[in-house]
Amino acid sequence: MKNRILLILLSLNITFGVQAQTETYQNILKYSTRSSGSIIKNNKVEGYYFFTPVEKLDRKNTAYTVNMLDNNLSKVASFELVRPKKVVLMEVVFNDDAFMFQFYDTKEKTLEFVSMDRSGKQLGSVILDDLPRAELFRIGLGLSNADVENVSIWPLGNEGFVRNTYQKDKKLGYQIEAYDNNMKSKWTHGTPEKSEFVEGADVLHSGEKYVTLSVIKKKSALTRKFDTYFVLLDAVTGKELIHTKMVDNVEGLLTVMSTYVDEAEDEILIVGEYFKPYDDVMKDESLGLYVRSIDRGGEDIKFKKFGWDTDLAKFKQTAVETGEKNADKSGNRLFVHKFVRSKSGNLVVVAEQFRKQVSALGVLAKSAGGSASALEVRIGNMVVIEFTPEYEVKDYKIYDKRPTRINLGEGYGFANLQTIAYLCQTMGYFGYQFTLMDDETDTYDMIYSDRDTKDEDSGKKSDIMLGVVSMKNGKVENQRIPINSDAKYVTYLAAKPGYILIQEYYKKEKRLTVRLEKINV
């Protein structure tokens, strides 16, 4: 997503008990959401990892501890890593066999990639210097704002990793590089050397068989108009299997918001927005959502559109009229966070409402000679749409939550809604957190945060309120979970079925507490 954002910006000018449910780390010098994660295999959480700076060895070096826990928070492995003080951890991912750490040297302006096995044995490393300007911009964006997540590496099955970066061409280009667990390069794929376009890519899926990309192409960095392409790569060889411009049968442009890859069936499902022919994706508003499935050759299996003001409006109005107290207004659009396919073949799309509106404070600031925009983004309710295997709308649910308002900077008022939504996602403004999936029981729990912290039953206010939309055996239920904490930072991770993991960092005490919170749906 950071590659898409770059082009948009250019366009706009420590001991643990068995079966423990709460564990504590002491002397944690600094906390970052980049330094922990869930260990997921076949959509099932098997454990967690925590990478934390715990001690300054001397004036030049810092010691880090990597702890691996099972899904009950019992320790299964621990090892130490030492890096110079001027080196910053940017990302860490785990592929079930090996870790890949990405470090940035703030003095030398180099990237170091280190792989280690579960015991802490180093398997390989790569140091990259003379980084492209676009890469340095992305790194700087992540370092300057703790809310901006730096996402550029992913597991490639359990046989390695894949990295998304930029090419050092006269025109901006992208490059995807795959490594094995020993950090040996397996293959590269990217913008052709003689390309006439500025190109950027987002990695949408990375698995044992396939890697999927959403690629945007522009004539120049300052051009607003761009085209979207869908690319499918062979994960083993890097061979390009599909490279197709996203248009419908009347040459209306399509965007790629989310993909689901059924590697067993060699089927790719795509959800995005569709536009009128000759529309500008950066300027014009979309007509609605589409759902599309293609084979590994790029041929359509199914393709169906759903208009904002026609097909979806009917179901939206029915959802409001059935007595659900969720308010909905014209002008709302949907940002798709995720979609899953159940055992029955139904597709479930998880989305969030947003719209652009006039900001009262922005108008006041503007009238006083300020540089703020008079417009703001309003992020609203959660929406869950269920489609049949034939892509007919089966259900449309709206889950009420308190809106979030973000004032737009000068210039962003000219961007279309979806472009602004991508910016909001990068900055962490949406309430959606993650989706827990249990393939064995065909259960899916979607977790989101709600700024309305008042409990409906007791009337009491909590520090934090989480919402849970649970989908099981064709039934959908919703509940709200109050959480009280005086920690400086509170974040969440996917956990074993029926739970979420909560991390609480107490900055003054330099203490990190992790605990499992039960979801009582």
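Every number here is computed from the coordinates shown, using simple stated rules; none is lab data. Values in this document were obtained by computation on a predicted structure and should not be read as measured data. Positions of Cβ are backbone-derived with ideal geometry, glycine not excepted, and every protein chain shown enters the neighbour counts.
Go ahead and run the numbers for FRET between D452 and R405, Cβ-Cβ distance against an R0 of 22 Å, rounding to 0.05.
Using R0 = 22 Å, I get an efficiency of 0.95.
Once R0 is set to 35 Å, what does the formula 1/(1 + (r/R0)^6) return for the Cβ-Cβ distance between L143 and E196, expressed as a FRET efficiency to the nearest 0.05?
FRET efficiency, L143 to E196: 0.60.
What does the extension gain come out to for S485 and D105, with contour length at 0.36 nm per residue minus their alpha carbon separation?
133.3 nm
What nm value, rounded to one decimal, do you get for the distance between D295 and S78 when each label is placed 7 Å out toward the C-beta?
Computed distance between label sites D295 and S78 equals 5.4 nm.
Amide H to amide H under 5 Å from L123: which residues, 5+ apart in sequence or cross-chain, H placed 1.01 Å off N in plane?
Excluding prolines and chain starts, which carry no amide H, the hits are S115, M116, D117.
Using Cβ contacts closer than 10 Å as the measure, can you line up D130, D450 from fewest to most?
Fewest-to-most Cβ neighbours within 10 Å comes out as D130, D450.
Quick one: length gained pulling D284 to E390 fully straight, 0.36 nm per residue minus the C-alpha distance?
In short, 35.2 nm is gained.
Once you have the Cα-Cα distance between D442 and N42, take 0.36 nm times their residue separation minus that, and quote the gain in nm to one decimal.
Stretched out fully, the D442 to N42 stretch lengthens by 142.7 nm.
So if we plug the beta-carbon distance of N249 and D58 into 1/(1 + (r/R0)^6) with R0 = 56 Å, what FRET efficiency do we get, rounded to 0.05?
That gives a FRET efficiency of 0.30.
With respect to the cross-link table entries K41/K510; K302/K394; K305/K394; K60/K184; K218/K276; K454/K488, which display a Cα-Cα separation exceeding 24 Å?
K41/K510; K60/K184
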